[in-house]
Amino acid sequence: MSDNHDQQHDEIDLLQNIIFDKMKIVESEPNFKIFMEIKSEIPSPKMKFYLTVTLNDEYPDKVPTFELLEVNNFLASSKVHDLESKLNSLCLEYINMPMLYQMYECILQFADEEEERLLKKEKEEQLKLEEEQRLLELKRKEEEEKLVESRTYTPESKIGRAVQQECRDRS
């Protein structure tokens, strides 16, 4: 076994101890290939990411290959592409060092931020809808009051004045 392969094995063992069942080793020979399921830690997350990483013989001295998939399709493809670019930059920054956990954390942080953004947007839309409903109810009540007022017979009302005028005209 090569020194890099031993380092990779140690890194993967450590990562499994940290993220447990969110990671699976798909292959270990000739190169490690791992699969991670990543979703926000916010309750009832809407997004879920799958990250498949293949470690080449030179890893960590060379950037691993990876595939990122946002499973639930809540994000525009441009956002997923931005995250992939961020991961590429992170890999280059951590060249010659273990980086799998950093990749996991980068996606997790992104997922948390996007979930928070979605929750905020949903809350704003809900408040807007409630305000529109409140205004519609207020308008309905005003129209109802006008209708009641127009049907009420008092000497001061329109109907009352019209009846009084008609009585005068007949006499």
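Figures for the structure shown
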item: Along the chain, longest interval not containing exposed chymotrypsin sites (Phe, Trp or Tyr not before Pro), exposed being DSSP loop plus at most 16 other Cβ atoms within 10 Å; result: 1-73
item: Shape of the range 79-139, Cα gyration tensor, a/c cut at 1.5; result: prolate
item: Out-of-range pairs (alpha-carbon distance over 23 Å; input K39/K123; K39/K86; K86/K128; K33/K62; K22/K120); result: K86/K128; K22/K120
item: Cα-centre dipole for the chain with unit charges at Cβ (Lys and Arg positive, Asp and Glu negative), debye to 20; result: 1680 debye
item: Mean residue ellipticity (222 nm) of the chain, computed from DSSP H runs ≥ 4 via -39,500 (n - 2.57), nearest 500; result: -20500 deg cm²/dmol
item: nm² value of the averaged projected area, convex hull over the Cα atoms of the chain; result: 15.6 nm²
item: Gain in span if fully extended, Q126 to M97, counting 0.36 nm per residue against the direct Cα distance; result: 5.8 nm
item: Lys/Arg +1, Asp/Glu -1 at C-beta; the chain dipole; positive extreme among I19, S2, I38; result: I38
item: Fraction of accessible area attributable to carbon and sulfur, the chain (%, probe 1.4 Å); result: 52 percent
item: Test item: Cα-centred dipole of the range 85-150, Lys/Arg +1 and Asp/Glu -1 on Cβ, debye; result: 220 debye
item: P(r) weight above 20 Å for the range 31-122, C-alpha pairs, percent; result: 34 percent
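The values are calculated or read from the model by the stated rules, or taken from the named source; none is laboratory data. Quick caveat: nothing in here was measured; it's all calculated off a predicted structure. Glycine also receives a Cβ, built like all others from the backbone with ideal geometry; neighbour counts cover every protein chain displayed. Note: accessible area is taken over every heavy atom of the protein model, side chains too, but ligands, DNA and RNA are not part of it. Shrake-Rupley method; radii C 1.70, N 1.55, O 1.52, S 1.80 Å.
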